[in-house]
Amino acid sequence: MEDFFKLISTGECTALLDRFTPLASETVPLAAALGRVLAADIVARELLPPFSRSTMDGYAVRAANTFGCSESEVALLTVAGEIAMGEPGRTLSLAPGQAVRIWTGGELPPKADAVVMVEYTRLLDPTTVAVFRPVAPGENVIRAGEDCRPGDRILAAGHRLRPQDLGVLAGLGLTTVSVHRRPRVAILSTGDELVPADQTPPPGKIRDINSASLAALVEEAGGVPVALGICTDDFDRMQATCTAALADCDLLLLSGGSSVGQRDFTLRVFAAIPGAELLAHGVSIRPGKPTIVAARANQALFGLPGHVASAMVVFHLFVRPLLRRYQGLGTTLGLQTVRVVTGQQIPSAIGREEYVRVRLEARGANEPPLALPVYGKSGLLSPLVRADGLLPVDRDSEGLDQGVEATVLLFP
Ligand code: AMP
Ligand code: MG
């Protein structure tokens, strides 16, 4: 294993993800559906709202009976009753010249087509109301089926459910939904130098950082992290752990040991897993070059660099899109972007795409923020903690001058 077998570009690495397909669907209750991705279209089977409802407290009327009225020439209507909240309005019928007291959300009686706000009425006696502002048909009313009608496609397959989507599902009485299974992601940190984060490292050792940050990244991206802890740099142990993990995980994330050193076993371990196919070893990005991608059927195996910043960058560029793809979202980064202006010169080497950690500094209301690089070795954590996102610099660029426009990928 003398060298990376072939350095590929980010585009080529992303294209490797096309072979993976969305995970099967499962049915979950609404309470567990936030952030999940629909596996099938949602089609309404009912009217929503189920009946025409008032949006104001006031009087349900025939709009035509209020036409032309004003402060000086009020329309006098006979109060034919009241529709208490939660009671059906359809039991009353509104004859011409009649009004019915109604509350916000109440069901309009048949023949009523508008509601006059109580502010524009005066009750003259218990059965006579004066209206001094006209209403148009449909005013202050949500009509039956105005939200949706039977057969309407409310939400499409591939849509990630948001709080308002759950609201409409509840409104339609759809209390379970079919969503893509969340990818189970096994996370294994490798290295003889690592101890669990809850231990005090003896001299020469350090705490395992990647297990914590990768689990959080997986969770944020919609996956289920399965923590496997630490494995020493030992081929047999690594292979046994990986094989066991693949029995019930969709994705395996190893960090450390992905390079070409004497003690870097990830490539050999992946190659030795029956049925696994190596897809990439080495991506021409910085940080993150020692990246390994392998596949076993629809399962993916990633060897991430051990350096914490490198592992995070590779996660955002390739693992996050794959998690989205597994969930039926397509192979997009899914990171928000923001237009910025560089606050200082950002040099970069030709021949590899660079992902510069930057922090953003707000400026005037209508000005894009300044992006300021937070430099630091990729083994350092503090630059990442101070950064708001990554500024990609092209493979063929020598860097960016100060004061030029650029796009930053924001950390989620
Ligand atoms: P490697 O990719 O195994 O050569 O590791 C590169 C660097 O990342 C070394 O300094 C490791 O000690 C460090 N490293 C590897 N894994 C972790 C981890 N889980 N947490 C913190 N640092 C790590
Ligand atoms: Mg190592």
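The values are calculated or read from the model by the stated rules, or taken from the named source; none is laboratory data. What you see is a predicted model; the values in this text were computed from it and never measured. FYI the Cβ positions are ideal-geometry reconstructions off the backbone, even for glycines, and counts take in every protein chain you see.
When the range 119-160 is examined, which residues are found to be crowded, with 16+ Cβ neighbours inside 10 Å and closer than 16 Å to Arg53 by Cβ? Once the filter is applied, which keeps residues that are crowded, with 16+ Cβ neighbours inside 10 Å and closer than 16 Å to Arg53 by Cβ, the range 119-160 yields Val135, Glu139, Asn140, Val141, Ile142, Ala144, Gly145, Asp147, Cys148.
Of the residues making up the range 247-283, those that are assigned to a loop (DSSP other than H, G, I, E, B) and surrounded by 17 or more Cβ atoms within 10 Å (Cβ to Cβ) are Cys249, Asp250, Gly256, Gly257, Ser258, Ser259, Asp264, Phe265, Ile273, Ala276, Gly282. Leu228 meets each of the listed conditions (1) in contact with a Leu (Cβ under 7 Å, 6 or more places away or on another chain); (2) in contact (Cβ under 8 Å) with a residue 60 or more places away in the chain; (3) farther than 19 Å from Thr27 by Cβ apart from (2).
Restricting the range 311-324 to residues that are farther than 16 Å from Val393 by Cβ and touching a Pro at 6+ places or on another chain (Cβ under 7 Å), the residue that is nearest to ligand 1 (Cβ to nearest atom) is Ala311.
Scanning the range 375-406 for residues that are of a type in the set (Val, Ile, Thr) and surrounded by 14 or more Cβ atoms within 10 Å (Cβ to Cβ) gives a single hit, Val393.
For the range 240-261, the set of residues classified as within 16 Å of ligand 2 (Cβ to nearest atom) and farther than 23 Å from Leu323 by Cβ consists of Ser259, Val260, Gly261, listed by residue number. Right, Ala221: at pLDDT 95 or above, more than 14 Å from ligand 1 (Cβ to nearest atom) and not β-branched (Val, Ile, Thr) or not? Here the answer is yes, as Ala221 does meet what is asked. Every listed requirement among (1) away from ligand 2 (no atom under 16 Å from the Cβ); (2) buried (at least 18 other Cβ atoms within 10 Å of the Cβ); (3) of a type in the set (D, E, K, R) is met by Asp233 save one, (1). Whether a residue is touching a helix residue (DSSP H, G or I) at 6+ places or on another chain (Cβ under 8 Å) and in a loop (DSSP other than H, G, I, E, B) was assessed, and Glu146 does not pass this test. Within the range 262-302, being away from ligand 2 (no atom under 15 Å from the Cβ), touching a residue at least 40 places away in the same chain (Cβ under 8 Å) and among the β-branched types (Val, Ile, Thr) holds for Val283, Ile285, Val293.
Checked against (1) within 16 Å of ligand 1 (Cβ to nearest atom); (2) within 28 Å of the chain's Cα centre (by Cα); (3) at pLDDT 95 or above, Thr190 passes all but a single condition, namely (2). In the range 8-31, of all residues being among the aliphatic types (A, V, I, L, M) and more than 30 Å from Arg296 (Cα to Cα), the one that is surrounded by the fewest Cβ atoms within 10 Å (Cβ to Cβ) corresponds to Ala31. Against the test of being without any contact (Cβ under 8 Å) to a residue 40 or more places away in the chain, crowded, with 16+ Cβ neighbours inside 10 Å, touching an Asp or Glu at 6+ places or on another chain (Cβ under 7 Å) and within 21 Å of Pro287 (Cβ to Cβ), the options Leu372, Leu360 yield a single qualifying residue, Leu372.
Checking each residue in the range 379-412 for being of a type outside the set (A, V, I, L, M, F, W, C) and under 20 Å from Leu333 (Cβ atoms) picks out Asp388, Gly389, Pro392, Asp394, Arg395, Ser397, Glu405, Thr407, Pro412. Quick check on my filter: what residues within the range 284-295 are more than 27 Å from the chain's Cα centre (by Cα) and surrounded by fewer than 20 Cβ atoms within 10 Å (Cβ to Cβ)? Result: Ser284, Lys289.
When the residues of the range 183-222 are filtered to those that are more than 16 Å from ligand 2 (Cβ to nearest atom) and assigned to a strand (DSSP E or B), which remaining residue is surrounded by the most Cβ atoms within 10 Å (Cβ to Cβ)? Per the criteria, the residue is Val185.
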